[in-house]
Amino acid sequence: MGMYSNEIHNISNKSRETLFEFAEVDARQAEETGHSNYSYWRSTWQSFLKNRLAVFLLVGVLIIVGFTILQPYLPAQKSPTEIYLDEQTGMQARNITPNVEFWFGTNSIGQDLWSRIWAGTRTSLFIGCVVALVEAVVGITVGTLWGFSRKLEVPITQLYNVVDNIPTTIVLILMSYILRPSISTIIIAMCITGWVEMARFIRNQIVILRDREYNLASKCLGTPDYRIIVKNLLPYLISVIMLRMSLAIPFAIGAEVFLTYIGLGLPISEPSLGNLINEGRVLMMSPDLRYQLIFPSIVLSVITIAFYIIGNSFADAADPKNHV
C-alpha cells in the first residue's frame, strides 16, 4: 500500500513538472512594473503645446530675443548712437523716411532707427528680466517664510505694511532724483517694492496649504521644514509663480517707458523703448514722421501681449489641478 502511494506521488510530481514551470523572482523587473512613466514637466509641456497661439507667440519672442542679441554682429548694421551725415549736403541726415539704407528711417538728429530700436529692445528686455528674477527670488522667499513660520508672521507683516503703503511711482521718482539715471537705478527702484505683490500672494497660498493632512503627517514623521516647503508646498504654486514672472517683464518695461515719459528715465544717449517712444510721441501729429513712434510701439506691443498670453497659457498648463 505504501509503495503504491509513493508511485502515485512520483507520477503526480512528474506531471506537475511537465505542466508547470516555476517562475524566477527578479526584483529589478518587479520595480519596473510598478514604476510610473509620468513626468510633470513633460505633461506640462504637452499641455502647453496644445495652445497654438501661445506656441506661435513663444516662437516669435524667442526670435526677437535672439535677434536683439545677434543684431550688432550681423553685417550691414549701423551704430545706434552714431549721427550719420547726408553725403550730398554734408549735414545731419535728419528725419529720413525708411529706405534701402535706413530701413526704419532716421530720427531728428540723424541716428539710425533700425539699430536704435533693437538696441532699445535689448536694454528694455534686460531690465524686465532682471527685475522679474529679483522679484521672484525675493517674493517667493519672503512669502514662503511669511506663510509657513508663525514666528516671522508679525515682523514680516509690519514690513509689508510699510513697503506696501509707499506708492511705486514715488519710489521710482525719488530713486531717479537721488541716484544718477541709469539702468541699475531703474532696476533698484523697481525691485524695492516689486516683490511685495509676489510675497503676499505666495503667503496666502502657503497659509491655505500648510495645515493640510499630508503636511501635518510629514511634520509628525519628523520631516524637516525645508523639505515640506520644497516638496509639498512650492510645487502647487509653480503656475502662480510663472504667471507672476511673465507679467513682471512687461510691467518693468512699461515702468521704464513711464519714467522716460515724465523725464526721469534713462539718458537719451542710452537707447531704450521708453526713449524711442518718448521721442516719437512729440512727432505724432506730423504724418511724415509718425514712423518714429509706430515702429517702437509695435515692438513694445508685441512683447507685452506675447508675454501676457504665454504666461497665462503656461500657468494653466503647469497647474497641478489640471494634471491627472
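For the range 74-92, which residues satisfy the criterion of being modelled with pLDDT of 80 or more, out of contact with any Pro (no Cβ under 8 Å at 6 or more places or on another chain), open to solvent by less than 80 Å² (accessible area, probe 1.4 Å) and part of a loop (DSSP other than H, G, I, E, B)?
Scanning the range 74-92 gives L74, Q77, K78, S79, I83, Y84.
Of these, G280, G254, G274, G265, which one is more than 30 Å from W146 (Cβ to Cβ), of a type outside the set (A, V, I, L, M) and under 23 Å from the mean Cα position of the chain (by Cα)?
That would be G274, the only listed residue that is more than 30 Å from W146 (Cβ to Cβ), of a type outside the set (A, V, I, L, M) and under 23 Å from the mean Cα position of the chain (by Cα).
Which residues, counting only those in the range 261-275, are modelled with pLDDT under 80 and closer than 20 Å to D112 by Cα?
Scanning the range 261-275 gives L266, P267, I268, S269.
If you check I253, I262, which single one turns out to be surrounded by fewer than 17 Cβ atoms within 10 Å (Cβ to Cβ), in contact (Cβ under 8 Å) with a residue 12 or more places away in the chain, among the β-branched types (V, I, T) and closer than 22 Å to M175 by Cβ?
That would be I262, the only listed residue that is surrounded by fewer than 17 Cβ atoms within 10 Å (Cβ to Cβ), in contact (Cβ under 8 Å) with a residue 12 or more places away in the chain, among the β-branched types (V, I, T) and closer than 22 Å to M175 by Cβ.
Being open to solvent by 50 Å² or more (accessible area, probe 1.4 Å), over 29 Å from I127 (Cβ atoms) and either of a type in the set (A, V, I, L, M, F, W, C) or modelled with pLDDT under 80 (or both) is the filter here, so list the residues in the range 143-185 that pass it.
L152, V154
Would it be correct to say that M190 is out of contact with any Gly (no Cβ under 8 Å at 6 or more places or on another chain), hydrophobic (A, V, I, L, M, F, W, C) and either modelled with pLDDT of 80 or more or open to solvent by less than 60 Å² (accessible area, probe 1.4 Å) (or both)?
Spelling it out, M190 is indeed out of contact with any Gly (no Cβ under 8 Å at 6 or more places or on another chain), hydrophobic (A, V, I, L, M, F, W, C) and either modelled with pLDDT of 80 or more or open to solvent by less than 60 Å² (accessible area, probe 1.4 Å) (or both).
Across the range 40-54, what is the number of residues that are open to solvent by 40 Å² or more (accessible area, probe 1.4 Å) and either in a helix (DSSP H, G or I) or of a type in the set (G, A, S) (or both)?
Residues flagged as open to solvent by 40 Å² or more (accessible area, probe 1.4 Å) and either in a helix (DSSP H, G or I) or of a type in the set (G, A, S) (or both) within the range 40-54 amount to 9.
Can you tell me which residues in the range 93-107 are assigned to a loop (DSSP other than H, G, I, E, B) and in contact with a strand residue (DSSP E or B) (Cβ under 7 Å, 6 or more places away or on another chain)?
A93, R94, N95, I96, F102
Got a sec? Which of G128, G120, G110 is in contact with a strand residue (DSSP E or B) (Cβ under 9 Å, 6 or more places away or on another chain), open to solvent by less than 50 Å² (accessible area, probe 1.4 Å) and either of a type in the set (G, A, S) or within 18 Å of S297 (Cα to Cα) (or both)?
G110
How do the pairs read when you match residues in the range 113-137 that are touching a residue at least 24 places away in the same chain (Cβ under 8 Å) and in a helix (DSSP H, G or I) with residues anywhere that are open to solvent by 40 Å² or more (accessible area, probe 1.4 Å) and among the basic types (K, R), using Cβ under 9 Å and keeping only pairs 6 or more apart or on different chains?
Close Cβ pairs (under 9 Å, with a partner that is open to solvent by 40 Å² or more (accessible area, probe 1.4 Å) and among the basic types (K, R)) amount to W114/K78; S115/K78; A132/R244; E135/R244; A136/R244.
Considering the range 142-187 alone, what residues qualify as being of a type in the set (V, I, T) and in a loop (DSSP other than H, G, I, E, B)?
Across the range 142-187, the qualifying residue is only I166.
The values are calculated or read from the model by the stated rules, or taken from the named source; none is laboratory data. What you are looking at is a predicted structure, and each value in this text was computed from that prediction instead of being measured. So basically every Cβ, Gly included, is an ideal-geometry build from the backbone, and we count neighbours across all protein chains shown. For accessibility, only protein heavy atoms count, side chains too; no ligands or nucleic acids. Shrake-Rupley method; radii C 1.70, N 1.55, O 1.52, S 1.80 Å.
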